[in-house]
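One structure below.
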Amino acid sequence: ICKCIFSICGSCFLFTYYTFTFVSLLIGKAVLITGCDTGFGHALAKHLHKLGFIVFAGYGEGAKKLEEFHSDRMKVIQLDVCSEEQVKQAVEYIKDNMEDSERGLWAVVNNAGVSTFGEVEFTSIDTYKEVSEVNLWGTIRVTKAVLPLIRRAKGRVVNLASMYARMGNVMRSPYCISKYGVEAFSDCLRYEMKGWGVKVSIIEPGNFIVATGILTRDIVASTANKLWNEAPSNVKEDYGKAHFEHHMGLMRSYCNSGHKDVAPVMDDIADAIMSKRPYSRYTPMEPRWWIRLQLMTHLPGAISDLLYF
């Protein structure tokens, strides 16, 4: 019995020791984060900086609060993920500002994203393209650009998807399409990178509208006006104003919903970056959304449709 207990304790000690050693080796490693203006990206830049990482914080329109850190480990760079030129310049900046670029970049977190809503017949083709250009093609563009550096480090690729990346919903088709694509891209990349020692993880946050401010009543109002004004006359006639306003009312009701703290997402992203054996998928979400995700992805469509639609 004593021998058995010693063996178990010894194994636990070794596991803890090696895990601690691995995490310790990450201090001072470099991470690129896209979309650091607000929301998850902004919070993550500060979180990883606090943990000891060198953070390359990509922003689109401004990141004054991050610049105020006045830290050698917080490097703020302009990075529009839709711009080939800015992505290329960001990679060169990273190479020039790492102590040893030959050792590679430890991680990239593809966080930059946009969201919108609207029923299919009210949503323009341009809107579908604009959302996917950021959420999907931006993720692919940045990943491809930094992948040689990630491979050198045998590092991590962490892609922000959504609970709507594995289950659809009414009014959310532009967003769902882009995030479903992120999931497919991430899975394929994970298979390819296994032989290189690179880990690829997907983060699937639930409802964090309140915490991130990604959806406000003003945004709902402006989007609603755009949807109605740009819809074909026959679509407006067939659906009717009452139907449209009902759905806009539902969107307004979501503005004050969800988690009030982004900490669960920060913890999962940090684990994906720092764990020796990160998960392929992380699902920081409320229990009811987690249950819905499991039911909609495991039950026959006829049953899940009956439950939720």
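For the stretch 120-189 versus the stretch 262-309, the inter-centroid distance based on Cα atoms is 17 Å. What helices in the chain pass both tests, a Cα length along the helix axis of 27 Å or more and a mean Kyte hydropathy of 0.0 or higher, using whole DSSP H runs? Taking the DSSP H segments of the chain (at least 27 Å long, mean hydropathy at least 0.0), we get 2-26. Ranked by the mean number of other Cβ atoms within 10 Å of their residues, highest first, the peptides 254-267, 288-301 fall in the order 254-267, 288-301. Oblate is the label for the stretch 168-277, because the ratio a/c of its alpha-carbon gyration tensor axes (a ≥ b ≥ c) is 1.5 or higher and a/b is not greater than b/c. The residues of the stretch 104-252 expose, per residue, 43 Å² of accessible area to a 1.4 Å probe. Near LEU149: Cβ cut-off under 14 Å, other residues only, Lys/Arg at +1 and Asp/Glu at -1. The net charge is +4.
A protection proxy built from the mean count of other Cβ atoms within 10 Å ranks the segments 231-239, 157-165, most packed first, as 157-165, 231-239.
Length gained on full extension, VAL170 to ASP305: 47.4 nm, using 0.36 nm per residue less the C-alpha separation. Protection proxy ranking of 197-205, 132-140, 145-153, by the mean of other Cβ atoms within 10 Å over each peptide's residues and highest first, is 197-205, 132-140, 145-153.
The values are calculated or read from the model by the stated rules, or taken from the named source; none is laboratory data. Please read these numbers as outputs of a predicted model, since none were measured by experiment. Note that each Cβ is placed from the backbone with ideal geometry, even for glycine, and that neighbours are counted across all protein chains shown. Accessible surface areas use protein heavy atoms only, side chains included; no ligands, DNA or RNA. Shrake-Rupley method; radii C 1.70, N 1.55, O 1.52, S 1.80 Å.
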